[in-house]
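A.B. asks: This is the structure I have questions about; it appears just below.
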Amino acid sequence: MLKVNPNLDKIEISVIRKIAEACREYEGGEKELINLTIGEPDLPQPKEIIDGTIEYMQEGKLGYPQLGGMIELRDEIAKFYREKYKVDVRSDEIIITVGSTEGLSTAIRTVILPGDEVIAPLPVYPGYEPLINLAGANLVKVDTSKDNFELTVETLKKYVTSKTKAIILNYPSNPSGVVISKKNRDEILEFVKENHIYIISDEVYSELVFDVEHNTFLDDRYRENVILVNGFSKSHSLTGWRIGYIIAHKKLRDYLVKVHQYAVTSPSIISQRGALIAARKCQDISKQVGIYKERAQLVYKKLKEANISAIEPKGAIYIFISLDGITELGSLEFAQKLLEVERVAVVPGVAFGMDNYIRISLVKDKEILNEAIDRFVDFVSEN
């Protein structure tokens, strides 16, 4: 008889991955498949990163990395936050992780205990709940639709209990593209400080914002309450390099690094070198941001012209489309039929805890996105 962690029975393979795998059945047909599921940037990785990393590998310096990450890389990340966000970050408050996912896992396993509650606003990225369940804790999902999908203190207060240990936040949001306001950010920070609650802030889309400021939760006044997770996958298209980082107060970082060490020892020195080049030489990603912005505007405009409601994204690489008034199907069945009939693959909103939405990833050029939305509109009009 198998004896495994009983919390695993609560966990299934991500709906996003299931839909992405289902796409294989529809490849090579008469109508070309348009896969808009996985949020993997299609924009090329900066050539400087590839060339510089190859040169580093050829020099034969591929030894064990320093615990917590290369000091040079941590120095560059700290410098970036001091200069751009005016936060007093030091290299000994940073851990380089195997992507932001390992950063989230390390953060959750460090501060979350069995029986704890973790609050997250809807729509919620589906990677959080399994990590929280594995820790023996419960995710409490908060409807924010009446506040334009931003979490507010007023709403938060309704869900905080004696079991609340943390709030997990993701702004700019996957899947909605919503960016939290400075007012709401400040009020949430003050509330968690007063109530001794952690914020685990997933800011992996922080540099992909459109004509607005990213309001990071990393603030000198509230450092003991915030664990920030970020990475290079979305900003620099370094998805396969699996390189991210945690920033936390030094006292907390000393605990986080223990969990990190005995889970992965360290990320690849090769990937860390690539990230170092990205941090030093490729900080200006305005061109990439401009491309995502144009795509978002194109898709949003076409949907609006077709009288289909969607959340106008202010950041990230997605558009979250409402199914209200255009179908009686649940989001999973709708996505499956859309794939079968029009060969357009999208993610059902049920994956994010909102069954009346679907998510489209803006990871194709404008011509392909244009075709995808035309097919989507045709499908809606005929069904």
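The values are calculated or read from the model by the stated rules, or taken from the named source; none is laboratory data. None of these values were measured; they are calculated from a predicted model. Heads up, the Cβs are rebuilt from the backbone with ideal geometry, glycines too, and the neighbour counts pull from every protein chain shown. Side chains are part of the model used for accessible areas, which takes the heavy atoms of the whole protein and leaves out ligands, DNA and RNA. Shrake-Rupley method; radii C 1.70, N 1.55, O 1.52, S 1.80 Å.
A.B. asks: Answer yes if at least one residue in region 11-23 is more than 23 Å from LYS366 (Cα to Cα) and of a type in the set (Asp, Glu), and no otherwise.
C.D. replies: yes
A.B. asks: Also: Name every residue in region 1-37 that is at pLDDT 90 or above and either more than 24 Å from the chain's Cα centre (by Cα) or under 30 Å from LEU276 (Cβ atoms) (or both), in order of residue number.
C.D. replies: Listed by number, the residues that qualify are GLU32, LEU33.
A.B. asks: So which residues in region 217-240 are within 23 Å of LEU43 (Cβ to Cβ) and either crowded, with 23+ Cβ neighbours inside 10 Å or out of contact with any Pro (no Cβ under 6 Å at 6 or more places or on another chain) (or both)?
C.D. replies: If the condition is that a residue be within 23 Å of LEU43 (Cβ to Cβ) and either crowded, with 23+ Cβ neighbours inside 10 Å or out of contact with any Pro (no Cβ under 6 Å at 6 or more places or on another chain) (or both), then VAL229, ASN230, GLY231, PHE232, SER233, LYS234, SER235, HIS236, LEU238, THR239, GLY240 are the ones that fit.
A.B. asks: Further question on the same structure: For region 323-335, state whether one or more residues are of a type outside the set (A, V, I, L, M, F, W, C), under 15 Å from ASP374 (Cβ atoms) and surrounded by 15 or more Cβ atoms within 10 Å (Cβ to Cβ).
C.D. replies: There is no residue in region 323-335 that is of a type outside the set (A, V, I, L, M, F, W, C), under 15 Å from ASP374 (Cβ atoms) and surrounded by 15 or more Cβ atoms within 10 Å (Cβ to Cβ).
A.B. asks: Here's another thing I want to ask about it. Go through region 270-281 residue by residue and tally those that are buried (at least 18 other Cβ atoms within 10 Å of the Cβ) and either at pLDDT below 95 or of a type outside the set (Gly, Ala, Ser) (or both).
C.D. replies: Going residue by residue through region 270-281, those that are buried (at least 18 other Cβ atoms within 10 Å of the Cβ) are 271-279.
Cutting the leftovers down to either at pLDDT below 95 or of a type outside the set (Gly, Ala, Ser) (or both) gives us 272-273, 276-277.
Final tally of qualifying residues: 4.
A.B. asks: I need a count of the residues in region 92-112 that are open to solvent by 10 Å² or more (accessible area, probe 1.4 Å) and more than 16 Å from VAL226 (Cα to Cα).
C.D. replies: Adding up the residues that qualify gives 3.
A.B. asks: Let me ask something else about it. Please enumerate the residues belonging to region 106-137 that are touching a Gly at 6+ places or on another chain (Cβ under 9 Å) and either under 26 Å from GLY39 (Cα atoms) or without any contact (Cβ under 8 Å) to a residue 12 or more places away in the chain (or both).
C.D. replies: Kept after step one, since they are touching a Gly at 6+ places or on another chain (Cβ under 9 Å), are these residues of region 106-137: 112-116, 120, 122-124, 126, 129, 136-137.
The answer is ALA120, LEU122, PRO123, VAL124, PRO126, GLU129.
A.B. asks: In region 113-142, what count of residues is obtained for those that are of a type in the set (Phe, Trp, Tyr) and either open to solvent by 10 Å² or more (accessible area, probe 1.4 Å) or at positive phi (or both)?
C.D. replies: 1
A.B. asks: When you look at TYR64, is it among the aromatic types (Phe, Trp, Tyr) and either modelled with pLDDT of 95 or more or open to solvent by less than 50 Å² (accessible area, probe 1.4 Å) (or both), yes or no?
C.D. replies: no
A.B. asks: Let me ask another. List the residue pairs whose Cβ atoms are under 8 Å apart, where the first residue sits in region 357-372 and is closer than 19 Å to THR239 by Cβ, the second is open to solvent by 30 Å² or more (accessible area, probe 1.4 Å), and the two are 6 or more positions apart or on different chains.
C.D. replies: Pairs found: SER361/ILE38; SER361/GLU40; VAL363/ILE38; VAL363/GLU40; VAL363/ASP42; LYS364/ASP42; ASP365/ASP42.
A.B. asks: List the helices (runs of 4 or more DSSP H) that sit entirely inside region 85-168 and contain at least 3 residues that are closer than 17 Å to TYR198 by Cβ and not aliphatic (A, V, I, L, M).
C.D. replies: 99-111
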